[in-house]
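The structure under discussion appears below in the form of structure tokens.
The values are calculated or read from the model by the stated rules, or taken from the named source; none is laboratory data. All values derive from a computational prediction rather than experimental measurement. With ideal geometry, Cβ positions are generated from the backbone for all residues, glycine too; neighbour counts draw on all protein chains shown. Accessible surface areas use protein heavy atoms only, side chains included; no ligands, DNA or RNA. Shrake-Rupley method; radii C 1.70, N 1.55, O 1.52, S 1.80 Å.
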Amino acid sequence: MIWRFVSTALRRALNMKRNDLNVDLAKLLGDNSLSMSTLPMLGMGRDVPDGKLFLKRDQLECSWNMKTSKEFFHRVRDNMEILSKNLGAEFKNNPLWWTKTLITVHPLGGCPMGRNPQEGVVDEYGQVFGNPGLYVADGAVMPGPVGPNPSLTIAALANRFADRLLESPQGASA
């Protein structure tokens, strides 16, 4: 079925005749009964911020596993299952759960703020210790989770860093 969809879509795109991609896609996906009866749930919270980012052969690597946050993840999953049952629904794990693969929409840390180079990578204004003029102004400077949706906190920090840059003679922190 998928090969027929791909070949039809390619044939139509290459021939530049009519393009009913939405019709082909609808045929590929079938009826919408599953999507009409499915409610995806997103679990949010604060895991243990004990991962480390580092360079290995010029590639960014991450050393982190779920072990220290295992209790947290199980509690989130259990609460989702309870909510599903209370709604009269059947709970299904995300298939990624079984591979211990997580998705985060607001990654934090990796370049934490600190009072000195032993505590962090950047100072309270986002300047990298020992590298005048090099700044980091995103969620990487946060040492760990601060709660659901840290977008405003990240924006406030970036604004603070920008104000400091504008106030400084050469854009370097004092």
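Annotations
- For the chain, adding -39500 (n - 2.57) for each run of n ≥ 4 DSSP H residues and dividing by the number of residues yields -11500 deg cm²/dmol at 222 nm.
- Our compactness index for the chain, the C-alpha radius of gyration over the empirical 2.2 N^0.38 Å, is 1.51.
- Cα-based helix-to-principal-axis angle, 70-86 vs the chain, degrees rounded to 10: 40 degrees
- Looking at the stretch 77-174, the GluC sites (Glu not before Pro) that sit in a DSSP loop and have at most 13 other Cβ atoms within 10 Å of their own Cβ are Glu90, Glu119.
- Compared with the dominant principal axis of the Cα atoms in the chain, helix 151-167 is inclined by about 40°.
- The antiparallel fraction among DSSP beta bridges confined to the chain stands at about 90%.
- Size of the stretch 77-130: Rg and Dmax of its alpha carbons, in Å, are 19.7, 58.
- Here's the list of lysines a cross-link from Lys85 could span, going by alpha-carbon distance under 23 Å and ignoring same-chain residues fewer than 8 apart: Lys70.
- In loop segments of the stretch 54-129 as defined by DSSP, the trypsin sites (Lys or Arg not before Pro) with at most 16 further C-beta atoms inside 10 Å of their C-beta are Arg57, Lys92, Lys100, Arg115.
- Choice from Asp138, Asp50, Asp58 showing the highest fluctuation, given a GNM over the chain with Cα pairs closer than 10 Å: Asp58
- The length gained by stretching the chain between Phe54 and Arg4 to full extension, at 0.36 nm per residue less their Cα-Cα distance, is 13.6 nm.
- Carbon-plus-sulfur accessible fraction, the chain (probe radius 1.4 Å, protein heavy atoms only): 58%.
- In the context of the full set of protein chains, residues of the chain present 77 Å² of accessible surface per residue (probe radius 1.4 Å, heavy atoms only).
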